[in-house]
1. Could you say which residue among B:ARG349, B:ARG285, B:ARG315 is surrounded by fewer than 21 Cβ atoms within 10 Å (Cβ to Cβ) and within 19 Å of B:GLY366 (Cα to Cα)?
2. Taking only region B:296-314 into account, find how many residues are free of Cβ contacts under 8 Å to residues at least 40 places away in the same chain and more than 9 Å from chain A (Cβ to nearest Cβ).
3. Can we say B:THR432 is of a type outside the set (D, E, K, R), within 12 Å of chain A (Cβ to nearest Cβ) and either under 28 Å from B:LEU208 (Cα atoms) or surrounded by 22 or more Cβ atoms within 10 Å (Cβ to Cβ) (or both)?
4. Mind checking whether some residue in region B:236-248 is within 13 Å of chain A (Cβ to nearest Cβ) and at pLDDT 95 or above?
5. May I ask you to list the residues in region B:205-219 that are part of a loop (DSSP other than H, G, I, E, B) and within 11 Å of chain A (Cβ to nearest Cβ)?
6. Would you please name the residue that is nearest to the other protein chains (Cβ to nearest Cβ), looking only at residues in region A:75-109 that are under 15 Å from the mean Cα position of the chain (by Cα) and charged (D, E, K, R)?
7. Exactly one of (1) away from chain A (no Cβ under 14 Å); (2) modelled with pLDDT under 95; (3) surrounded by 21 or more Cβ atoms within 10 Å (Cβ to Cβ) is unmet by B:LYS264. Its number?
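The values are calculated or read from the model by the stated rules, or taken from the named source; none is laboratory data. Computed from a prediction, not measured in an experiment: that's the story for all the values here. Here the Cβ positions follow ideal geometry from the backbone for every residue, glycine too, while neighbour counts run over all protein chains shown.
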Amino acid sequence: MKFNKRITNLLIIFISALALSACATAKKPTSGVSTSGDVYTGTDTVKYLASGVKDRVFFATNRSTLTSASRDTLRKQADYLRKNKDLNVVLEGHADERGTREYNLALGEKRANTAKDYMMTYGISGKRISVISYGKEKPVNSASTPLAWSQNRRSVTVKVK
Amino acid sequence: MKKLFYIFTILIFKFNFAYSLIEVDITRGNLDPLPIAISPLHVDPQSDNYQDVKVKELGDLISAVIEKNFKSTGLFNPLNKDAFVQKPDIAHLKPRFEDWSLITAQALVTGKLLMKDDKLKVEFRLWDISANKEMIALAFTTTPSNWRRVAHIISDKIYERLTGETGYFDTRIIYVSETGPKTQRVKKLAIMDQDGKNTKYLTLGNELVLTPRFNPTNQLVTYLSYFRNLPRVYLLDIETGIQEVVGNFPGMTFAPRFSPDGKKIIMSFAKDGNSDIYTMDLETRLVEKITEDSSIDTSPSFSPNGKYICFNSDRSGLQQIYTMKSDGSGVKRISFGNGIYGTPVWSPRGDLIAFTKVRAGKFYIGVMRSDGTGERLLTENFYQEAPSWSPNGRLLVFYRETKSGKDGEGFSAKLWSIDITGYNERELKTETDASDPSWSSLLSK
């Protein structure tokens, strides 16, 4: 378990160093606060925009930085949007229930915009991507557990009909 | 409301300002509440019946509301009426102080009701039992349907006389009513009297609404609505029901509050992943940017003199509380304890800032002085936030959510209040689950 965490930590640092954009908003973690250990990596709540294209990415507590897995998902979403020129999307940013309502609204907006920025660096016009934050208002998992909270800290890409 | 509610106050007999022996010190937690006897209101035999309500019942109802108000403060101990030694009519004329002191009463409230020509006249007197003195005597005339407000106004007058502080009973609380499962909550704006009565719903629940706050005259409310799925700050006139968008910026506007003069709304505006604080003048619609920082700046609240603003920012890494001048200059971090801080709100007295603190997985409501010193945590729980001040700055109302199980079972959101001494924590009963409370100022000033 610990070993896994360490690997994830290393990966994040590595990827962050490589990333060109979307890191401008990242902050240095305050000492003692884990910034990557609690990002959801499962697929339980995930839906698909198309085969192999996950609809959502997950975040660490109080953070809006993208993990390597999130970047991968967003690149696939960008590919998909490039192939479907008529399609527009909304990125819905969410937070877990463990923060104040107002801060969570801001945090959800920041998370969705981090995802949007990343997709834009892969050539998708900002005009095709709108953003909305729901803060802690729309959890997918209503349990009060660390697992549920990690599933709720997310940015979901939704097709605009 | 004003048209309907016309009160005039007559001083009957002399106003007694002489120092009395009873003085309730509310600056400390009160572990020894003052025994107070609230006599049922005696009905003048010349009274007419009012609709189906017998005037006698009205007298009992008014005295029950007063009693409940006093009980809720934790500062007073209303005595059991069974032990009362004098009939209400005689007590109102001239209480036998020795008898009342036998049942340990230190203060006595008596009153009389007269119902004539569709007008209700309520007279009351407050007596100091140990000093054998009348402390205050007032009378109100109003339409009978306003009996509840009269009871609250009388409560405020007695509270003020006994504590030296402004009362808070003739006030209302606006909040968000919540129903339905946790993943699909239906939220409506709701308003009620501070004692939980007269609940009215102001929106239908078709769109998500959050964080309502009163303007200084309690006629307008600013809040966040997701109308047409565009989260924007709105203004609602409670009397007319007219709603209008005020924060129609190209992005999300949220966390609104009025300035103390009611002329401006201060709020957050989030765009491209950055939330900053703005003000909008309601008359000129002039918008001013107050903070400029790449971090999240939110939850702004003016000091009561309008010269300063406290707000929440994560510019240092995690959420902390900051103050600045109202033009955005002189930004100063004031929270330095372990944990993160949110939802700062300036006391109407100006001295304290209430906040939410999160530390080691627990949520606290606390207060600190406006320079950040003297932090005191009042209550700890699984989840609670969003304190709002009573108009006299003695209490905070906030909401608390419970831990939920696998499918959301056991989840609830309720309003609670606590004295800033840390005593008298109690639930404010609401018809539905409730969150985001905002306390009005006194309705009758």
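1. B:ARG349 is the lone residue from the list that is surrounded by fewer than 21 Cβ atoms within 10 Å (Cβ to Cβ) and within 19 Å of B:GLY366 (Cα to Cα).
2. 3
3. no
4. no
5. Result: B:LEU208, single match.
6. Going through the qualifying residues, I end up with A:GLU109.
7. Just one mismatch for B:LYS264, condition (2).
Residue-wise test of (1) more than 13 Å from the chain's Cα centre (by Cα); (2) in a strand (DSSP E or B); (3) more than 13 Å from chain A (Cβ to nearest Cβ).
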site: B:ILE365; (1), (2), (3): yes, yes, no
site: B:GLU380; (1), (2), (3): yes, yes, yes
site: B:GLU385; (1), (2), (3): yes, yes, no
site: B:GLY393; (1), (2), (3): no, no, yes
site: B:SER404; (1), (2), (3): yes, no, no
site: B:GLU409; (1), (2), (3): yes, no, no
site: B:ILE418; (1), (2), (3): no, yes, yes
site: B:GLY422; (1), (2), (3): yes, no, yes
